[in-house]
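The structure under discussion appears below in the form of structure tokens.
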């Protein structure tokens, strides 16, 4: 009997489904379903509906299969009306139902919204990264070829070595009485090599042109501050040059009146030096090599050195091997600041040691303005020992004219 009831319920459910698919027979299908199905699940039948209740709401029939059909056949007897049966989850429909309602479309919209927010967040992060890279490129300009990059360790070592060479040269060759303008790193190196800190002018990004200084050390940082005006106007003459490329350093003479004024003053000073140097060519107490004679005749010798040689020749005869300049890469036309005197030839007629001692004593008696910065014994490449009489840079212009 149970099997017959189960079969009847299954047939009735299938008929209800076919009726639901046909809009014209929907009412008959619902009525047949309520008449044949017992009170189970959440469905309400005519037998269990209380009197006076309204017309039962049309509900979509459920299809019971497999284990549910077996369970339904076991529960033939209807449940008491007072006891509410436990609701069962709606079964999966056998045929595609109507288009999904608002609840079915809400989930895809939420997923799409999350995807949109995620894409927007990724775009913001990428834009921030791009901005950081652009700022990095601005803070670290290209050293060559237009490619922005930070200085390499090799370049930093090269800069440090070149800075040390320049600082050593300036401490020996530039007068400690003049003001030297430099960037902070270069000024620190100069102070470490013994140049007076009081005569160092530290330059920064907002510093004006150092027109009150006598010398400027043109490092990469200083070139970045003043650009081409260093060579074209402010500091037209190179006293010495060290290194090359971005790490290169030039020691330049400052002329506050500009390059044209400096060249005019240099030509005028060379003319007076030529006149005074020619007088030494005919001095019988002075012996000159061919090189030294040509340098004197061309007016290439520093005015202070001319006066020192002339004064020394009044005390004892001298033999001048050469005049020169110790500035590597110095600009042409700069006055020659040292003279090499022979110490063991026939001009002195005394022993080497005695001659050197006597010459130094005579030079120390000169006025401070014309007194050499140093005198030392130097061995020339050919093996000849000479007494070098040397003045510091920069050479004063217009000394004879004044």
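The values are calculated or read from the model by the stated rules, or taken from the named source; none is laboratory data. Keep in mind that this is a model prediction, so the values were computed, not measured. Using ideal geometry, Cβ is built from the backbone for each residue, glycine included, and neighbour counts are taken over all protein chains shown.
Tabulated data for the structure shown
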{"read-out": "Lone qualifier among 293, 304 - being in a helix (DSSP H, G or I) and surrounded by 17 or more Cβ atoms within 10 Å (Cβ to Cβ)", "value": "304"}
{"read-out": "Test for residue 273: is it touching a helix residue (DSSP H, G or I) at 6+ places or on another chain (Cβ under 7 Å), crowded, with 16+ Cβ neighbours inside 10 Å and without any contact (Cβ under 8 Å) to a residue 12 or more places away in the chain", "value": "no"}
{"read-out": "Residue in the stretch 361-368 that is part of a strand (DSSP E or B) and modelled with pLDDT under 95 present", "value": "no"}
{"read-out": "Filter result for residue 214 (surrounded by 17 or more Cβ atoms within 10 Å (Cβ to Cβ) and either in contact with a helix residue (DSSP H, G or I) (Cβ under 8 Å, 6 or more places away or on another chain) or more than 14 Å from residue 394 (Cβ to Cβ) (or both))", "value": "no"}
{"read-out": "Restricting the stretch 148-188 to residues that are part of a loop (DSSP other than H, G, I, E, B) and touching a helix residue (DSSP H, G or I) at 6+ places or on another chain (Cβ under 6 Å), the residue that is nearest to residue 338 (Cα to Cα)", "value": "179"}
{"read-out": "Matching entry among 292, 214 (being in the same structural domain as residue 174 (by TED's automatic domain parsing) and at pLDDT 95 or above)", "value": "214"}
{"read-out": "Condition met for residue 198 (loosely packed, with under 15 Cβ neighbours inside 10 Å and either assigned to a strand (DSSP E or B) or over 20 Å from the mean Cα position of the chain (by Cα) (or both))", "value": "yes"}
